[in-house]
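The block underneath contains the structure these notes are about, expressed in structure tokens.
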Amino acid sequence: MARAAKTKQSTKLIALSATNKAYEFKKPLEKKIKYQGKEVDIRLHEDPKGFSYIVWKNKKYMLDVIEKKQNRYTIVVNGVWHSFTVETPVSLKRKRYLENQADSSAAVSIEAPMPGKIIDILVEEGAEVKEGEPIIILEAMKMQNEIISHIAGIVKSISVKKNESVMKDDVLMEIQKA
Amino acid sequence: MKIKSLLIANRGEIAIRIIKTARKMGIRSYVIKTAKEPNAWYLEEADEIIDFSENFDETIPEFLDIERIIKSAKKRKVDAIHPGYGFLAENPDFARRCEEEKITFIGPSHDAIYRMGHKTIAKELAREHGVPLLGGSPGAVRDAEEARKIANQVGYPVILKAAAGGGGRGMRVVSKEKDIERMFSLATNEAAKAFNNPDVFLERFVREPRHIEFQILADKHGNVVHLGERECSVQRKHQKLLEESPSPALDPALRKKMGEAAINIARSVNYYSAGTVEFLLDVDNSFSFMEMNTRIQVEHPVTEMVTGIDLIEQMILIAEGEKLPFTQKDIKLNGWAIEWRINAEDVQSGFSPSLGTIEKISWPESENVRVDTGVRDGSVITPYYDSMIAKLIVHAETREKAMQQSSLAIRKFWIKGTKTTLAFCRAVLQNSNFRKGNFNTSFLSKELKLHYHAEPDEALLAAFFATYDYAREINENEEKPLHTENGKAITPWVLKKRLR
């Protein structure tokens, strides 16, 4: 986890998206965004019913913070969610450095996309899987869902058993990248 | 016989929908309280609550517990039971038990439910009554080997369907012979699980059909009318995401032909009450009978909007033995209605359920906007039931206007606390082929590549707000210590160090 900045509002902060896109804000508390070379004011509001919204270039954008854990945020704007980690220039540098150090052939874990029950495990440890191949059948919300491997590789370990109940984000399997 | 009291064996928006009509008709409503949703809104709307939240049998879900529901109804001398949709709505045993106990079941006869619920019998009835059908297995498929044989005869792709199924569950499309074994076992497992009956049958799969269904109303005196069609082609894994009435694909001649076929299906089982006959419509306008749903449907409001007929009221009147107050020529389709299903689902990760609390919900009130919902501020989307939050129904003079009004209504439909399918609705409305009415059941997989729609600056604003909130929190934390120790404040930063 990136260690947070302790400094006051003058600090520059960066929101790093899940796709590694960095959005930089010089003074977020001053509610200004540098946009196409100009500083543009941003207005934050709460309506009488308690909904939050941003007014930006005379348009209204509904806002909802769905998830907030330390520096991780999931924010819904007009019904679409965006995930970020908030970084300081220092923590971002460190993060990028660590990412480059990480072994690119590391195992990738397959996690449960929703809570449910394991109905069937379609592969065994040591088996070769293709990208897009179904590996587990998870029953949730009255449906049997095929969990697909999103990478090609070798099944390194299986962490669940048939008929076991799992929570969202539980690791189901680890796959060693081919 | 006049119905004076009514037990609704259901929950959520449909319970509230039925209560509204009951209230209008001066009927006392009863609902069932469960431990899974003890604070649900529908409980407050009803006149009486029957409490199942204590001493419940964990082996059987409350809304499936036929004997307990019957016993409760008898104890309170309730005249009638409305099953809503899902749960026991298409369970012939439940309808039969009501009949045996002299409780009016608000729906068709148990015999009609049984015969239409049994897909192979239903297909046989359709064949006898000259309604077109797709090729496939004559009955349930015995095993994977037989499935392979029949599939090779009718040609791939084929679809495996639970004989006792409905609502898209227990259905699997098989494109290649090598998948048939695995898919057969998936389909039978799912069927056994969901319907207590592992039987599946197989039929030819039409690649890109439209899903068109006809609303039927029939009384106990042999009068049957149809209330036009509903276009339900926009689906994901056979789950409907929006419905409209009428369909852009039908002209009056085709509507008449399909409507007559639907009436024939209803007549084949001496149907009474409200029901829906589903068809697949191919590109050449040939159609084939799929199944009949012997209950009120989730999407019934679009039909109510264009016909002006309260379907729940008609179901109750029919159950009382009344004759239909109109004939086919009295039924007029007025304007265009679209229903948007707003579910607690994450459209950005494959529509996976997004559980949680609806902190706030708000929508634009307007004459041509109807919202059927079972949630309000503070309601919880639980893993026990479906993920529906609300149905937004927009009615206007034309399809074009209905889409325009939908865009406005969706923009002003605000939900705080969970991910929803609202961004999906926006994406659909942006799609030019949807706007032209040019789509079929492959719309999601082929046409709508991105299942949500975001405006250009939205990611930037979200990013801004994340940094803003983070910076604000740091500032506040430095000013206002949150914890104290021996009367002295500790800042979160100190706490954090200790936890390390």
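From the list B:ILE216, B:ILE212, B:ILE180, which residue is modelled with pLDDT of 90 or more, away from chain A (no Cβ under 14 Å) and either surrounded by fewer than 23 Cβ atoms within 10 Å (Cβ to Cβ) or assigned to a helix (DSSP H, G or I) (or both)?
Within the list B:ILE216, B:ILE212, B:ILE180, the selection yields B:ILE180.
Do you know which residues across segment A:103-117 are of a type outside the set (A, V, I, L, M) and at the interface with chain B (Cβ under 8 Å from one of its Cβ atoms)?
Passing the criteria: A:PRO113, A:PRO115.
Just for helices (runs of 4 or more DSSP H) wholly inside segment B:397-475: which have at least 1 residues that are facing chain A (nearest Cβ under 10 Å) and in contact with a strand residue (DSSP E or B) (Cβ under 9 Å, 6 or more places away or on another chain)?
In segment B:397-475, the matching helices (runs of 4 or more DSSP H) lie at B:399-411, B:422-430.
Looking only at segment A:97-104, decide whether some residue is farther than 30 Å from B:CYS425 by Cα, free of Cβ contacts under 8 Å to residues at least 60 places away in the same chain, among the aliphatic types (A, V, I, L, M) and surrounded by 12 or more Cβ atoms within 10 Å (Cβ to Cβ).
no
Could you list, in sequence order, the residues of segment A:118-148 that are within 12 Å of chain B (Cβ to nearest Cβ) and farther than 19 Å from B:MET171 by Cα?
Within segment A:118-148, A:LEU122, A:GLU133 qualify.
Residues being part of a loop (DSSP other than H, G, I, E, B) and under 26 Å from B:MET292 (Cβ atoms): count how many of those fall in segment B:129-162.
Residues that pass the stated criteria total 14.
Restricted to segment A:111-123, and to residues that are among the aliphatic types (A, V, I, L, M) and within 25 Å of B:THR421 (Cβ to Cβ), which residue is surrounded by the most Cβ atoms within 10 Å (Cβ to Cβ)?
A:MET114
Quick one: which residue in A:TYR53, A:TYR73 is surrounded by 13 or more Cβ atoms within 10 Å (Cβ to Cβ) and facing chain B (nearest Cβ under 7 Å)? First the steps, then the outcome.
Working: A:TYR53 fails: facing chain B (nearest Cβ under 7 Å).
One residue alone meets the criteria, A:TYR73.
Just to be sure, is B:LEU422 surrounded by 14 or more Cβ atoms within 10 Å (Cβ to Cβ) and in contact with a Gly (Cβ under 6 Å, 6 or more places away or on another chain)?
Spelling it out, B:LEU422 is indeed surrounded by 14 or more Cβ atoms within 10 Å (Cβ to Cβ) and in contact with a Gly (Cβ under 6 Å, 6 or more places away or on another chain).
Which residue, of A:VAL90, A:VAL65, is more than 8 Å from every other protein chain (Cβ to nearest Cβ) and surrounded by fewer than 21 Cβ atoms within 10 Å (Cβ to Cβ)?
The match here is A:VAL90.
B:LYS74 versus (1) surrounded by 14 or more Cβ atoms within 10 Å (Cβ to Cβ); (2) of a type outside the set (A, V, I, L, M, F, W, C); (3) under 29 Å from B:GLU322 (Cβ atoms): which is the lone unmet condition?
That leaves (1) as the condition not met.
Tally time: how many residues in segment B:382-396 are outside any strand (DSSP E or B) and either over 16 Å from the mean Cα position of the chain (by Cα) or of a type in the set (Lys, Arg) (or both)?
2
Which condition from (1) at pLDDT 90 or above; (2) within 30 Å of B:LEU227 (Cβ to Cβ) is the one that B:ARG207 breaks?
(1)
The values are calculated or read from the model by the stated rules, or taken from the named source; none is laboratory data. Computed from a predicted structure; not experimentally measured. All Cβ positions, glycine included, derive from the backbone under ideal geometry; neighbour counts span all protein chains shown.
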